[in-house]
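To keep things clear, I will list the structure first and then write my remarks on it.
The values are calculated or read from the model by the stated rules, or taken from the named source; none is laboratory data. Keep in mind that this is a model prediction, so the values were computed, not measured. When we count neighbours, we look across all protein chains shown, and the Cβ atoms used for this are built from the backbone with ideal geometry, even at glycine.
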């Protein structure tokens with residue numbers, strides 16, 4: 001069970017009792033998420049699996065985050081507990097101990 | 001009001017304007033005298049082309065969403081609602097290619113309902129056979145043996161022109177910058193270059209007329225004579241009267257050889273239109289005044305058309321930014337990189353500014369109901 005949350009409802013995961021991951025999404029993706037930018041989702045084993053799970057919830061969203069070869073788009077940044085995943089294992093970054101994943105565009109402009 | 005209707009009315013003319021910050025429709029039901037605007041769609045996103053498919057009464061948009069990549073969106077209700085392709089244009093895994101931008105969208109022939117062509121960057125053709133819901137890459141172009149030698153133009157390695165042939169649906173021309181013109185006669189199973197006599201003098205003297213590498217900016221087929229194709233190229237304006245096999249330079253008395261858009265109306269003797277710029281060194285119009293130049297004899301002689309365009313008009317019109325309709329007399333439309341939208345109801349003899357405050361215009365397309 002997935003709980004969609006508004007930005008002020010962050011915190012206590014609820015539902016089936018499994019470990020939850022807090023995911024923060026850029027508001028640029030609101031067309032896919034019905035306007036939500038934070039969700040709690042059952043923990044996934046890696047960033048790649050998480051993005052697949054997100055695409056089931058929000059069809060089409062993975063094509064915005066990943067390029068055709070499955071890599072993270074050049075100007076998209078994914079942070080796992082504050083660490084940008086390109087500094088680690090990229091899309092294979094483990095989420096086994098993660099609490100929060102943040103997906104944002106890189107800064108563009110002035 | 002036409003702008004609130006979900007279908008095109010009889011005798012309606014639809015103008016589709018893609019900008020750097022979204023899209024707009026302009027609709028006329030009184031012979032192009034007055035226009036109702038509709039939009040703004042895709043706020044903040046780059047719209048490289050829009051088109052209307054009369055077969056399915058659908059609108060298509062090539063959308064760039066900045067950091068989030070390109071997509072194709074379809075509206076079945078004249079822009080009231082839009083839906084992304086469920087299977088967007090993508091290169092297959094292992095190809096090492098990823099779609100960076102989507103450019104020209106072209107409805108397929110009458111005998112192939114549901115077929116839509118799409119040009120992408122890096123240069124490739126995508127084909128949909130379900131009205132844009134899903135897209136498949138053309139493998140022959142993707143795996144073309146010369147692809148490793150293809151070089152991008154200033155606008156990227158983009159497939160920007162797609163010319164179906166109403167006489168034979170298996171035949172198709174495409175234009176790629178800076179590769180040149182390619183042609184298939186077997187529905188995309190194989191492709192050959194068609195660049196004979198097309199200048200590419202940005203190469204050394206010994207290879208000014210290469211097999212490929214030409215910087216074609218826009219391809220247009222004559223509505224009156226299907227074997228006649230025109231191209232605005234980086235190095236001049238060219239004409240082929242044998243369906244692309246050989247080309248002749250028709251730059252003639254144009255003020256320069258350089259420009260981007262090209263259009264042809266459908267009069268009994270079609271008038272062709274270009275928009276010359278000083279050159280690639282400046283990309284501004286001559287003497288700071290924008291002029292459309294036209295020819296009534298397939299490019300043997302050209303004349304300027306600028307009545308109604310300000311004397312100071314440092315406009316630039318991009319490759320997808322000027323189109324002609326199929327009305328009589330022909331209508332012509334162009335949108336500038338500084339946000340002006342002009343139209344003419346009399347084959348460019350005089351121009352009227354339809355809107356002067358749009359975002360920079362990337363594309364203009366026109367269709368009748």
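Couple of notes before you dig in:
- For the range A:32-47, the criterion of being farther than 22 Å from residue B:96 by Cα and out of contact with any strand residue (DSSP E or B) (no Cβ under 8 Å at 6 or more places or on another chain) is satisfied by at least one residue.
- Qualifying residue in the range B:194-208 (condition: in contact with a strand residue (DSSP E or B) (Cβ under 7 Å, 6 or more places away or on another chain), part of a loop (DSSP other than H, G, I, E, B), at pLDDT 95 or above and more than 17 Å from residue B:242 (Cα to Cα)): yes
- So residue B:72, is it assigned to a loop (DSSP other than H, G, I, E, B), within 12 Å of chain A (Cβ to nearest Cβ), at pLDDT 95 or above and within 26 Å of residue B:40 (Cα to Cα): no
- Residues located in the range A:56-83, provided they are outside any loop (DSSP other than H, G, I, E, B), in contact with a helix residue (DSSP H, G or I) (Cβ under 7 Å, 6 or more places away or on another chain) and within 7 Å of chain B (Cβ to nearest Cβ): A:64, A:76
- A residue that is modelled with pLDDT of 95 or more, in a helix (DSSP H, G or I) and crowded, with 19+ Cβ neighbours inside 10 Å cannot be found anywhere in the range B:178-188.
- Against the list (1) touching a residue at least 12 places away in the same chain (Cβ under 8 Å); (2) over 22 Å from residue B:166 (Cα atoms), the condition residue B:287 fails is (1).
- Those residues of the range A:15-48 which are touching a residue at least 12 places away in the same chain (Cβ under 8 Å) and assigned to a helix (DSSP H, G or I), in sequence order: A:28, A:29, A:32, A:33, A:47, A:48
- Here is the figure for the range B:25-54: residues that are touching a helix residue (DSSP H, G or I) at 6+ places or on another chain (Cβ under 9 Å), within 14 Å of chain A (Cβ to nearest Cβ) and part of a strand (DSSP E or B) total 1.
- Subset of the range B:133-153 [in a loop (DSSP other than H, G, I, E, B) and either surrounded by 14 or more Cβ atoms within 10 Å (Cβ to Cβ) or touching a residue at least 40 places away in the same chain (Cβ under 8 Å) (or both)]: B:133, B:135, B:138, B:144, B:146, B:150, B:151, B:152
- Among the candidates B:90, B:80, the residue that is more than 9 Å from chain A (Cβ to nearest Cβ), surrounded by fewer than 24 Cβ atoms within 10 Å (Cβ to Cβ) and touching a helix residue (DSSP H, G or I) at 6+ places or on another chain (Cβ under 9 Å) is uniquely B:80.
- Residue match in the range B:6-24 (condition: within 14 Å of chain A (Cβ to nearest Cβ), buried (at least 19 other Cβ atoms within 10 Å of the Cβ) and closer than 24 Å to residue B:160 by Cβ): yes
- Index of the failed condition, residue B:57 passing every other in (1) surrounded by fewer than 20 Cβ atoms within 10 Å (Cβ to Cβ); (2) out of contact with any helix residue (DSSP H, G or I) (no Cβ under 9 Å at 6 or more places or on another chain); (3) under 23 Å from residue A:60 (Cα atoms): (3)
- Some residue of the range B:107-124 being over 22 Å from the mean Cα position of the chain (by Cα), at pLDDT 95 or above, assigned to a loop (DSSP other than H, G, I, E, B) and surrounded by fewer than 22 Cβ atoms within 10 Å (Cβ to Cβ): no
- Of the residues in the range B:245-255, none is crowded, with 20+ Cβ neighbours inside 10 Å and part of a strand (DSSP E or B).
- Subset of the range B:93-104 that is part of a loop (DSSP other than H, G, I, E, B) and either touching a residue at least 60 places away in the same chain (Cβ under 8 Å) or touching a helix residue (DSSP H, G or I) at 6+ places or on another chain (Cβ under 8 Å) (or both) - its residue that is farthest from residue B:162 (Cα to Cα): B:95
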